[in-house]
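Accompanying notes for the structure given below.
The values are calculated or read from the model by the stated rules, or taken from the named source; none is laboratory data. All values reported here derive from a predicted model rather than from experimental measurement. Using ideal geometry, Cβ is built from the backbone for each residue, glycine included, and neighbour counts are taken over all protein chains shown.
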Amino acid sequence: MTVICFANLKGGVGKSSTAAHFIYWLVAIKKKKVIVVDADGQGSTSTWLESLELDIPVHRIIDPDTLAEEIPQLENRSDFLIVDNAGNLGDATRCTLLTAKIAVIPITPSGLDLMSAASAVKMVRQIQNARQGLPKAGIFVNRAIKNTKLLREAQEVITQLGITGFKQVIYQRQAIADCFLQKTTVWGMKGSQEAQEDYHKLFLEILRLAK
């Protein structure tokens, strides 16, 4: 099994939204067997997945010691174990980074988010030094507006962070914003072909990093 976690220093960057779409894409489109660990106390990802009525085992675990015990036990039961962390770099997030093969870090194009991304990358590097390069880490820009100065600045900062920058940007789209309340994903929304293509390309990049 490949353990993939979504992490960042702060909330509101689309971490849970991306995780939920990635999980749906793996299960419904790629036909993979997936187990989910929702380590975010808000439980957004588990609530979203429950509304999709997919047969996906979801474990809500926020205690760091329990995470350290449970993730290795769950690891070999499916193709992918996806962990959605809380919007902080506390002990629970550190535990998942110590077990994950891939860490995905979403940011939005704002000064505060770019600062938080640097802190997340710093923690990832510390753990990589202890784990012979794992987890492999990738960062991408989420909720961006095309052809803006903020997007260009965010992409420039990513190149300076020293980890993989995913080429695909997830743009700000109403279809994505409406998915949670509509109890679906972009693949269930009308007129969301561009959002579907954006996510598809990003998720292929994540899988390539996992090889």
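If you go through region 17-49 and keep only what is among the polar types (S, T, N, Q), under 21 Å from residue 78 (Cα atoms) and touching a helix residue (DSSP H, G or I) at 6+ places or on another chain (Cβ under 6 Å), you end up with just 45. Of all residues being surrounded by fewer than 21 Cβ atoms within 10 Å (Cβ to Cβ) and small (Gly, Ala, Ser) in region 90-135, which is farthest from residue 14 (Cα to Cα)? Just the residue, please. Filtering first and then ranking leaves 130. Summed over region 201-211, the residues that are surrounded by fewer than 16 Cβ atoms within 10 Å (Cβ to Cβ) and either assigned to a helix (DSSP H, G or I) or modelled with pLDDT of 95 or more (or both) give a count of 4.
Picking from residues in region 145-190 that are touching a residue at least 60 places away in the same chain (Cβ under 8 Å) and not in a loop (DSSP other than H, G, I, E, B), the one that is nearest to residue 108 (Cα to Cα) is 170.
Can you list the strands (runs of 3 or more DSSP E) lying wholly within region 15-90 that have 1 or more residues being touching a residue at least 60 places away in the same chain (Cβ under 8 Å)?
Details: elements: 34-39, 58-60, 80-85.
In region 15-90, the matching strands (runs of 3 or more DSSP E) lie at 80-85.
Among the residues of region 176-211, those that are more than 15 Å from residue 17 (Cα to Cα) and touching a Gly at 6+ places or on another chain (Cβ under 9 Å) comprise 205, 206, 209.
Against the criterion of being out of contact with any Pro (no Cβ under 8 Å at 6 or more places or on another chain) and either free of Cβ contacts under 8 Å to residues at least 12 places away in the same chain or among the small types (Gly, Ala, Ser) (or both), residue 193 qualifies.
Go over the candidates 172, 155 one by one and state the one that is at pLDDT below 95, in contact with a strand residue (DSSP E or B) (Cβ under 9 Å, 6 or more places away or on another chain) and not basic (Lys, Arg).
Details: 172 fails: at pLDDT below 95.
One residue alone meets the criteria, 155.
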